[in-house]
Amino acid sequence: MADSAPSLSSVRDLKALENATGRPFSSVLVIKKLIAKTASNGNPFLSAELGDRGGSFSCTLFNDNPLFEQFKAAGEGGVVRVEGKIDYFQGRLSPRLGKADVLSEDQLTAPGLIDNLVETAPEDPAALWTEFNGFIDGIKHDEIRMTVRGVFEEIGEAFRWSPAAVSMHHAYRHGLLEHTTHMARACKALLPIYPEVDPDLAMAGILLHDTGKTIEYEGSLATKRSRKGILQGHVVLGYQLVRKAGLKAKLDPERLERLEHIILSHQGELEWGAAAYAATPEAVFVAKIDDLDAKMGMVQRVLRQASGHEEFSERLPGLSTQLLTKPLPPGGTR
């Protein structure tokens, strides 16, 4: 076999290969993360995460590698056509790259290229947005509903496109809309079990809890935190949006304070970014639904991207473990 790069392969294609060490490949990928580090001997190197809509892998570029400066110049969000050979590190795909070309903006206009690179929510975003607006319309309290509407008028289209995270959960285009809609579905299903929870405040808190992320994150091909995101964070940014809209809607001080508290406490733990611990029935309810959907979102994404021949996923920091991806066998009794 000639030692030349074959036709373009997706990350899913590469991960589906078994015992393919040394096999050449060629792919067009986004530089999703690029972290400068220093080895124990003092030499600098880059830890790069490359990916497309079907997944990602990590590789290391030392400063004596000709690609080191290319990747450094391209930066996060750069698109590269790479050639290399399949390799593995600790049982996971970690190719050795031999050549890379950074694609220009003109080259990115090739038909279908961006669609192949950008991971999107599996559900139809237009249908999600229609359903989402139905949840807003279902809020009976006029000033709470006006507050919610006011926030989404303020942030505009950004909410429909934004990811819900940089890497942990729903970290893809329309991910924030998907995550919030899933939470609203769970809210509607669970409210009858917990009559102590005010339904309008809980639903409003869910719909608004992550709106600060539309300001916290930026970037179209690779998501990173904005200046405001770094200096203030989405919890504070969301609180500011809600307070402004609530005052404009003339929401009574008691309900406004409770709605603000949901935003400030929804992260659950102070070390996770919460400004306060959940201290109302609605805040506890929202924080737990948020944690549930965040973790199940990680599960769903891993299962979508599973290669089929590996029994377990890579370790997921958000779950502190690997995930069993092998499906249950068919059949069985109930």
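Values for this structure:
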item: Residue-count net charge about GLN70 - beta-carbon cut-off 12 Å; Lys, Arg +1, Asp, Glu -1; result: +1
item: Proximal charge balance of GLU314 [Cβ under 14 Å; K/R count +1, D/E count -1]; result: +1
item: Förster-model FRET efficiency, 30 Å R0, GLU154 and GLU254, C-beta, rounded to 0.05; result: 0.85
item: Label-point gap, in nm, between LEU191 and TRP161 - each point 7 angstrom along Cα→Cβ; result: 3.2
item: Residues TRP129, TRP272, sorted so that the one with the fewest Cβ neighbours within 10 Å comes first; result: TRP272, TRP129
item: Theoretical FRET efficiency, 1/(1+(r/R0)^6), r = Cβ-Cβ of LYS228 and ASN19, R0 51 Å, to 0.05; result: 0.60
item: Estimated FRET transfer efficiency when R0 is 22 angstrom, pair SER7-LYS85 (beta carbons, to 0.05); result: 0.90
item: Cut-off under 5 Å, modelled amide H: who pairs with ARG23 long-range; result: ILE86
item: Ascending count of other beta-carbon atoms within 10 Å, so fewest first, for ILE206, ILE35, ILE114; result: ILE35, ILE114, ILE206
item: Principal axis dimensions, largest first and in whole angstrom, of the range 200-269 by Cα; result: 40, 26, 19
item: Principal axes of the chain: Cα extent on each, largest first, Å; result: 72, 55, 43
item: Principal axis dimensions, largest first and in whole angstrom, of the range 125-301 by Cα; result: 40, 34, 32
item: Lys, Arg +1 and Asp, Glu -1 on Cβ, resulting dipole of the chain about Cα centre, debye, nearest 20; result: 440
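No lab work stands behind these numbers, since they all come straight from the coordinates. Treat the numbers as computed from the prediction; the structure is a model and nothing was measured. Every residue, glycine among them, receives a Cβ derived from its backbone with ideal geometry; neighbour counts consider all protein chains shown.
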